[in-house]
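The values are calculated or read from the model by the stated rules, or taken from the named source; none is laboratory data. Source: prediction; values computed, not measured. Methodologically, a virtual Cβ is constructed for each residue, glycine included, from the backbone with ideal geometry; neighbour enumeration extends over all protein chains shown. Surface accessibility is based on the protein's heavy atoms, side chains included, excluding ligands, DNA and RNA. Shrake-Rupley method; radii C 1.70, N 1.55, O 1.52, S 1.80 Å.
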Amino acid sequence: MDSSPHPVTVRRRGRVCLIVIDSPPVNAASHAVRSGVQRALKAAEADADVTAIIILCEGRTFVAGADIREFGQPPGEPSLPALCQEIEACTKPVIAAIHGTALGGGCEIALACHGRIADAGAKLGLPEVKLGLIPGAGGTQRLPRLIGMAAAIEMVATGRMMGAAEALERGLIDVITEGDLASDATAFAERLVSGKAGAQGDAAQPLSLPLRRTGALPVPAYDEPAMAAQIEQIERKARGQLSPGVGARAVLAAATLDLPAGLAHERAAFAGLLASEQSAALRHVFFAERAAARVPALEGATPRPVAIVGVAGAGTMGAGIAVVLAEAGYRVIVAERTEKAAEAGRSRIAALHQRGVETGRITREVAAARMAATAVGHDITAFAPCDLVIEAVFDDLAVKQELFAALSGIVRPDAVLATNTSYLDPNLIGAAASHPERVVGLHFFSPANVMRLVEIVATGRTAPDVLATAFAVSKRLGKLAVLAGSCDGFIGNRIFSSYRKQCEYMLEDGALPHEIDAAMEAFGLPMGPFAVFDLAGLDIAWARRKRLAATRDPAERYVRIADQLCELGRFGQKSGAGWYVYENGKRRPDAGVTSIIEAEARRSGVQRRSIGAEEIRTRIIAAMVNEGARILGEGMAQRASDIDLVFINGYGWPAWRGGPMFQADRMGLGTILAEVERMQARDGAGWEPAPLLVEMERSKQLFGG
Ligand code: T1G
């Protein structure tokens, strides 16, 4: 017998019955919650002394959705759609009293109610598309009846949350309260019963008795061609993800189907997506993002307070970091080596804030305030008051060590020093600082004001509270932080290096850059690898290959094609040519590159052959997964799902594919291992199957898994 208190209880305020849900952490509409609400609703409806009913929640939020953990299990009765139908059919007024985030099934419960009151900070949303789903409990059919077709399509297709003020203006809620929600909801219900209730603002549908049942309202008129165009744009932007378009079309169906038919259409579409690979992948990502924050080393560690942050270096990376810091409300001090460089940095930072104004993300005043909170100069003694300094200077060990030594004499002994290095060993950088326990790696991905990912790298001496500080600052920046071990390339760049090698091998073996790019773009990547290499600049990887040349294993296959392009000054977009030729802002394949590739194959004695898209993808995924398995085996990543998050948030991997490790699981480790064994035979040293991969495959075979 489960000893935990039942998640649904009932209270009375006069003749108003309050159904109170208390199911931490987010009052998800689990089976226990649904059956509890149903029981309480039936009892209240049958009780002649009750004139109105309120549904509200304890804790941090109104119902934040169906219980995602129940997906894949047989849904216990009542289902959420059935419960919503019962709420809407109730013969007494049912009011939703909303605080926190009424999301997904929670928003749908509110939509099925006859009235909605929310506190000023509340938000409502239907984020099912982010899980590869669509609202499955009436949201696509009831929402347009309250806020109109265009707004409903946008809200369902984007999954965005709508604040209380906008929700009131659009008619999604009827009243906003600043007072005690339960008391104000009770008063609202009593006014409704007495026929004196009215919605604040100019809600389209007056609230009065007989009950305003959302499902019985007409769908307001809308512009059909405009909706068709809106849906077409939604599907184009979805880049292969199904749920946004399916959700938009389910909303549109509300205009032509009556409620029962519309609900059936929605349920069928929802069920199809629930069984889809895309939804399985996106639910994996949802839980992976929450798991990433679970770092045992942080247990009991309290982050150091950070209010003023320094950024050393105002190049592309430093400017992007300075922008996100200002956006998060930090006071920012930036320093470059010279006034000229500082001036250029200042302009870079201002331009990034200005772009936020031009795209409508922020107002001119907000941009000005953020610039005012950002001091840019060329004297690093300005960092003296900083609680944290992030260095984003040239990725050279001596330069960084010299900086950290200098900073040690400027900032407080407890100020955290973070290095943004991509490839250098943070231990060696930290060794140059006094109190090396305060040094940590904060590897941002470029552009830092766009990419969500930050790899947090602890040195062997990083103190737990310093690591906790890195996670806390990353969270406040809205970044997705993943703990990475201190190895060459950490997680992302180390795996990306294997990815790049396999891509270059495939050129010699028979594929062409645009064929490999097409195969990966068909997989869902916004840009194929060779287009990305050209965008980033071929010279950066070239410099690293030259740096590592002396230590490269001669038994490892080495393809010289990229070196030859660099020797010709073809560094990619910035030089007008790289793997592609760039003219008038367009990219096109270059026969000259094909000739170089063919000549290299002849020199290497490789008989080129056609390589299909499926083989291209399998080789790339197998290369990534094998390196990922090595990283896991060495303890350089905490879990496989962290590796998936790195590629989704740092390299544009489509979230609806779940990430390389998730993909491997779906392809079968046997397939991956067989491909890696082919690599070992063909490509030599460096392509041995990762021990962990072999072990997992063997144990699966052992247990017939
Ligand atoms: N089901 C189960 N657990 C959930 C959950 C959910 N819907 N939402 C959050 N959790 C857990 C989460 O895993 C974590 O657990 C803890 O709550 C705190 O979450 C029919 C089918 C509400 C904005 O998509 O967006 O309704 O790690 O760390 O940052 O149409 O959680 O502590 O063990 O994210 O303050 C639609 C998903 C579902 C909302 C709070 N709803 N959740 O953010 O905390 S599908 C959603 C969120 C649906 C219907 C369909 C956020 C949040 P643990 P957290 P937070």
key: DSSP beta bridge pairing in segment 439-572, given as percent antiparallel to the nearest 5   = 50
inquiry  = Quick check: from the Cα gyration tensor, does the chain come out rounded (a/c under 1.5), prolate or oblate?
reply    = prolate
inquiry  = Among 25-38, 555-568, how do they line up by average Cβ neighbours within 10 Å per residue, starting with the highest?
reply    = 25-38, 555-568
request  = Please give the contour-minus-distance gain from Ala264 to Val357: 0.36 nm per residue of separation, less the Cα-Cα distance, rounded to one decimal in nm.
outcome  = 29.2 nm
message = Counting only other residues whose beta carbon sits under 13 Å from that of His353, what net charge do I get with K and R as +1, D and E as -1?
response = +3
Neighbour net charge for Arg12 - beta-carbon separation under 10 angstrom, K R +1, D E -1 = +1
inquiry  = Counting other C-beta atoms within 10 Å, and keeping those with at most 13, which DSSP coil GluC sites (Glu not before Pro) do you find in segment 266-317?
reply    = Glu299
note = From most to least accessible, 1.4 Å probe, no ligand or DNA/RNA atoms counted, Val357, Val246, Val416 line up as Val246, Val357, Val416
note = Taking a ≥ b ≥ c as the square roots of the eigenvalues of the Cα gyration tensor, with a/c under 1.5 meaning rounded and otherwise prolate when a/b exceeds b/c and oblate if not, segment 527-606 is oblate
inquiry  = Contact order normalised by length for segment 605-705, with contacts defined as Cα pairs under 8 Å and 6 or more residues apart; what percent is it?
reply    = 29
query = Which percent, nearest 5, of DSSP beta bridges in the chain are antiparallel?
reply = 35
query = Roughly how many debye, to the nearest 20, is the charge dipole of segment 306-486 about its Cα centre, given +1 on each Lys and Arg Cβ, -1 on each Asp and Glu Cβ, and no other charges?
reply = 520
Within the chain: Cβ-based charge dipole about Cα centre, in debye rounded to nearest 20 (Lys, Arg +1; Asp, Glu -1) = 300
query = Between Ala599 and Arg547, what FRET efficiency follows from the Cβ-Cβ distance if R0 is 22 Å, with the result rounded to 0.05?
reply = 0.25
query = Can you give me the relative contact order of the chain as a percent, contacts being Cα pairs under 8 Å and 6 or more apart?
reply = 8
key: Karplus (6.51, -1.76, 1.60) ³J(HN,Hα), θ = phi - 60°, over segment 151-156, in Hz, Gly and Pro reported as x   = 5, 5, 4, 5, 5, 6
remark   = For Arg12, the residues 5 or more places away or on another chain with a placed amide H closer than 5 Å to its own amide H are Leu18
query = Tell me, what is the percent relative contact order of segment 1-57, built from C-alpha pairs under 8 Å that lie six or more residues apart?
reply = 42
note = Per the C-alpha gyration tensor (a ≥ b ≥ c, the square roots of its eigenvalues), segment 8-274 is rounded if a/c is under 1.5, else prolate if a/b beats b/c, else oblate; here it's prolate
note = The extension gain from Arg678 to Ser347, computed as 0.36 nm times the residue separation minus the Cα-Cα distance, is 114.1 nm
inquiry  = Need one number: % antiparallel among DSSP beta bridges in segment 306-486, to the nearest 5.
reply    = 15
query = Okay, which of segment 379-397 sit inside 14 Å, backbone N to the point 7 Å along the Cα-Cβ direction of Ala307?
reply = 385-388
note = When the charge dipole of segment 563-696 is computed with +1 at the Cβ of Lys and Arg and -1 at the Cβ of Asp and Glu, the Cα pointing farthest to the positive end, of Pro589, Gln638, Ser610, is that of Pro589
ask   = Could you sort Arg603, Arg304, Arg545 by accessible area so the largest value comes first, with the probe set to 1.4 Å?
value = Arg603, Arg304, Arg545
note = CD proxy, 222 nm, the chain: helix-only mean residue ellipticity via -39,500 (n - 2.57) per DSSP H run with n ≥ 4, per residue, nearest 500, stands at -15000 deg cm²/dmol
note = So the angle from the long Cα axis of helix 397-408 to the longest Cα principal axis of the chain, reported in degrees to the nearest 10, equals 60
inquiry  = What are the ³J(HN,Hα) couplings of segment 267-274, residue after residue, when phi is run through the Karplus curve with 6.51, -1.76, 1.60 and θ = phi - 60°? Round to Hz, x for glycine and proline.
reply    = 5, 5, 5, 4, 4, x, 6, 4
task = Pop a pseudo-label 7 angstrom from the Cα along the beta-carbon direction at both Ala275 and Ala685 and give the gap in nm to one decimal.
result = 5.2
message = List the residues, sorted by chain then number, that are 5 or more residues from Leu442 or on another chain and whose placed amide H is less than 5 Å from its amide H.
response = Thr419, Asn420, Thr421, Val457
query = Each residue of segment 501-515 in turn: what ³J(HN,Hα) in whole Hz from Karplus with 6.51, -1.76, 1.60 and θ = phi - 60°, glycine and Pro shown as x?
reply = 4, 4, 5, 6, 4, 5, 5, 5, 6, x, 8, 10, x, 6, 6
note = Residues whose modelled amide H sits under 5 Å from the amide H of Ile362, counting only those 5 or more places away in sequence or on another chain, are Val357
remark   = Pairs over 27 Å Cα to Cα, from Lys340/Lys574; Lys400/Lys479; Lys546/Lys586; Lys479/Lys501; Lys340/Lys479, come to Lys546/Lys586; Lys479/Lys501; Lys340/Lys479
